[in-house]
Structure formats: structure tokens, C-alpha cells
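I have placed the structure first, in the form of C-alpha cells, so that the comments after it can refer back to it.
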Amino acid sequence: MKINSQLGSVKGLTLACACLLAAHSVAAEKLEVSDEQVKNLGIELVGVQDARGGVKQRFPAQVVVPPKAEHVVSAPLQGLVVQLLVGEFQPVKKGDAVAKLSSPAMSQLQLQALQASARATLARQAYAREQALFKEGIIPQRRAQEAQAALREADATLAQAKSELALAGMSGAATEKMLRSGVPTDSLVLEAAQDGVVSAISVKPGQRVDAATAVLSITQLDTLWLDVQLPIEASKGMRPGMPIEIPGKQLSGRVLSLSPTISASTQFVILRAEVDGAAGQLRPGELVTVDVPLEAAGQAWDLPLSAVARNKDESVVFVKTAGGFEARPVRVQNSAGQLVRVEGDIRAEDRIAVSGVIALKGAWLEEGEE
């Protein structure tokens with residue numbers, strides 16, 4: 001009895017509102033409503049906004065590392081891994097020592113640099129002596145020129161030897177210190193070439209490695225990529241530069257590209273997006289969800305879900321007119337959360353009812369029955 005009584009009260013209220021609003025209707029789709037009635041019924045209006053990504057849809061994505069963000073520290077020469085100076089997942093700065101190697105090839109390069117340095121010193125002394133004798137007129141100019149050529153050749157040989165040491169991973173300061181001391185060493189220290197986190201270690205202490213063998217990887221995590229799986233229909237209209245959001249993490253990014261091929265097994269396409277400032281909030285390999293804006297098709301508009309009234313397969317919105325409201329049919333394209341994207345005879349200057357729609361719907365249905 002109580003439920004039937006409540007239903008009867010609701011029906012009576014709807015019928016009363018319908019009679020009030022439809023009493024002066026002039027057409028089947030138009031409702032005459034005064035400003036006072038609008039206020040009494042609690043009808044609120046909003047201006048129509050052009051659909052520009054207001055409606056979003058959520059898709060799964062995986063966090064991946066951009067190729068430019070990963071740096072591999074490799075052994076420049078054949079040798080033995082003596083010591084690892086960092087651990088996995090440890091943050092490092094550019095220039096930090098990460099590993100020590102013992103390499104006979106390094107001592108051979110240093111020996112060549114010492115010999116080139118000695119020859120360059122002798123050539124420099126000989127050139128100074130020949131220049132002094134030439135100025136005094138004791139020797140011909142040809143001898144002074146030969147001494148100058150020999151000095152240039154010795155300096156070039158020394159520069160090449162230093163370059164080989166630099167390619168082998170020896171810093172300029174360490175090279176100059178070795179040349180001053182005159183004592184070569186087989187020790188080789190590998191340094192980090194960028195800031196980041198040690199993401200992988202490929203060797204162990206005591207292991208022999210060849211030249212170009214990967215020792216460890218350093219990854220920058222400030223900027224990461226997302227590989228988003230999209231159905232074919234949802235990928236239409238996606239373009240580089242469109243914004244994306246990661247719910248729950250207060251992170252946003254932008255679309256970089258859309259794969260030109262479709263996965264044969266899933267019939268999905270991969271949308272790639274870039275996210276800045278992701279350090280500490282996203283991890284490579286992590287599975288997340290991403291909100292992607294849906295492209296509007298035709299004359300589409302984003303409205304609050306409460307603005308759309310439905311009757312079976314028919315959907316309408318109530319547009320404010322000079323004398324009341326007009327029920328205009330619309331077609332729902334997409335919906336997400338509390339927003340719905342509709343297509344219909346709606347203009348940018350229109351104002352739509354978003355509350356009190358139940359009373360307007362009752363009047364509309366009553367008018368249709370009459």
C-alpha cells in the first residue's frame with residue numbers, strides 16, 4: 001500500500017506538471033513555459049558548447065621506455081670485470097663511476113700515448129733549437145722547416161693516442177695525470193653518460209667481457225611513453241597532439257602517433273602517447289588506463305547526461321525558446337561519465353535544460369498523446 005501510494009503521488013505530480021506546461025502549447029514539439037514556471041519547477045539552463053574532447057573513453061595502456069631515454073654502458077675494450085660500483089634500480093648522475101674493469105689493452109694504449117708524448121717533447125725541443133740556429137744564420141731555413149714538420153707530426157700522433165684513450169673510456173684528466181706520472185695502468189673506470197636509474201646489470205664481478213659487451217643500462221624516467229590499445233572505430237579521428245589523461249595519477253600527456261597497421265589477433269591499433277613528469281608515478285611495464293577524447297562526428301555537442309530525455313528509442317533535449325521550450329530530437333553518439341555527445345538540430349547559441357527535465361518530459365509525452 002505504501003509503495004502504491006508513493007507511485008500514485010509521483011504520477012499525480014507528473015500529470016499536474018504536464019497539465020500546467022501543456023495548457024498553452026501551440027505545436028506538438030513546443031511547450032510554452034513562463035519564467036515564473038521555470039523558476040518554480042527548478043529548471044536550470046546551460047549554454048551549448050562545441051564538442052572539443054569533452055567526452056572521453058577509457059582504454060588500457062602499457063608504460064614503455066622511449067628509445068632515447070635508455071643508455072647502455074658497454075665495455076670499450078676486452079677485459080675483466082673487477083667491481084660493480086652501483087646496484088640495480090639505483091639512481092645515478094652523469095659522470096658517476098659505475099664499474100671497474102682490468103684490461104691489458106688499456107695499458108697498451110697508455111704505453112702508446114706515453115711514447116707519443118715523449119716523441120712530441122723531443123720534436124718540440126728540436127724545433128726550438130733549429131729555430132734559434134736559423135735566426136742566428138748558422139743553419140739554412142730548410143732545416144727549421146723540417147723541424148717544424150716533425151713537430152706537427154708528433155703532435156698529431158699524440159692527439160690520436162689521446163683520442164684512443166678517450167674512446168676506451170679514460171677521461172682527459174686521467175690521461176694527463178698518467179702522462180705526467182709516466183706509469184701506465186690496466187685499470188679502466190666506466191662512467192654514467194646521463195642521469196637516470198640503473199635499470200639492468202648484465203655482468204657479474206669476475207666475468208670476462210669482450211669489447212662492446214653491455215655492462216649495464218641507465219634509464220631516464222622523467223618522460224615515458226604509453227602504448228594504448230584502441231578498437232578500430234575508436235581510432236578514427238585520432239591525431240598527433242591530442243591530449244590524454246591517466247585517471248588517478250594526475251598525469252596528462254599528448255598523442256605522438258597512431259600505428260598504421262592493425263593487430264591480426266586483436267583487431268586493435270596502437271596509439272602512442274608521451275607523458276612528461278612521470279618519474280615516481282609510472283614504471284616501465286606498468287599497465288594503466290588512459291582517458292582518450294573521442295572525436296566528434298558531424299554537428300555534435302557535449303552535454304550533461306541529465307539534459308537528454310529518452311522515450312523508448314527516441315531521445316530529445318529541451319531548448320529554451322522565447323515562449324518556453326522546444327523538444328528537439330537528437331542522436332546519441334557516445335557517452336562517458338556524466339557527459340553525453342549528441343548530434344541534432346542544435347546551435348551554439350542555444351540554451352539547454354539540464355535540471356527539471358522530468359517535468360518537461362512529462363509535458364512532452366502528454367502533448368504527444370494528445
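The values are calculated or read from the model by the stated rules, or taken from the named source; none is laboratory data. Keep in mind that what you see is a predicted model, and the values were worked out from it rather than measured. Every residue, glycine as well, gets a Cβ built from its backbone with ideal geometry; the counts of neighbours run over all protein chains shown.
Return only the number of the condition from (1) surrounded by 14 or more Cβ atoms within 10 Å (Cβ to Cβ); (2) modelled with pLDDT under 85; (3) among the hydrophobic types (A, V, I, L, M, F, W, C) that VAL290 does not satisfy.
Condition (2) is where VAL290 drops out.
Just the residues that are assigned to a loop (DSSP other than H, G, I, E, B), in contact (Cβ under 8 Å) with a residue 40 or more places away in the chain and under 28 Å from ASP291 (Cα atoms), please, taken from region 338-350.
Selection gives ILE346, ARG347, ALA348.
Can you name the residue in region 153-163 that is of a type outside the set (Gly, Ala, Ser) and loosely packed, with under 14 Cβ neighbours inside 10 Å and is also farthest from LEU80 (Cα to Cα) among such residues? Outline the logic, then answer.
Here is the first cut: in region 153-163, the ones of a type outside the set (Gly, Ala, Ser) are 153, 155, 157-158, 160, 162.
From what's left, loosely packed, with under 14 Cβ neighbours inside 10 Å: 153, 160.
Numbers: GLU153: 35, GLN160: 25 Å.
Top of the filtered list is GLU153.
Condition first: under 37 Å from the mean Cα position of the chain (by Cα), more than 15 Å from VAL98 (Cα to Cα) and touching a residue at least 24 places away in the same chain (Cβ under 8 Å). Now tell me which residues in region 169-212 satisfy that.
Listed by number, the residues that qualify are VAL209, ASP210, ALA211, ALA212.
Which ones in region 223-238 are closer than 14 Å to ALA61 by Cβ and free of Cβ contacts under 8 Å to residues at least 40 places away in the same chain?
Here is the first cut: in region 223-238, the ones closer than 14 Å to ALA61 by Cβ are 224-231, 234-235, 238.
Within region 223-238, PRO231, SER235 qualify.
I'm told PHE89 meets every condition in (1) part of a strand (DSSP E or B); (2) modelled with pLDDT of 80 or more except one. Can you identify the failing condition by its number?
The number of the failed condition is (1).
Just to be sure I understand, how many residues within region 170-194 are at pLDDT below 90, surrounded by 15 or more Cβ atoms within 10 Å (Cβ to Cβ) and in a helix (DSSP H, G or I)?
Total satisfying the criteria: 1.
Can you tell me which residues in region 325-350 are exposed (fewer than 15 other Cβ atoms within 10 Å of the Cβ) and at pLDDT 85 or above?
Answer for region 325-350, where residues must be exposed (fewer than 15 other Cβ atoms within 10 Å of the Cβ) and at pLDDT 85 or above: just PRO329.
Which residue, of ALA353, ALA322, is modelled with pLDDT of 80 or more, under 21 Å from ILE43 (Cβ atoms) and part of a strand (DSSP E or B)?
Working: ALA322 fails: part of a strand (DSSP E or B).
Only one candidate qualifies: ALA353.
Are there any pairs with C-beta distances below 6 angstrom linking a residue in region 239-256 that is under 18 Å from ASP222 (Cα atoms) and modelled with pLDDT of 90 or more to a residue that is in a loop (DSSP other than H, G, I, E, B) and among the hydrophobic types (A, V, I, L, M, F, W, C), with the two at least 6 apart or on different chains, and if so which?
VAL255/MET242
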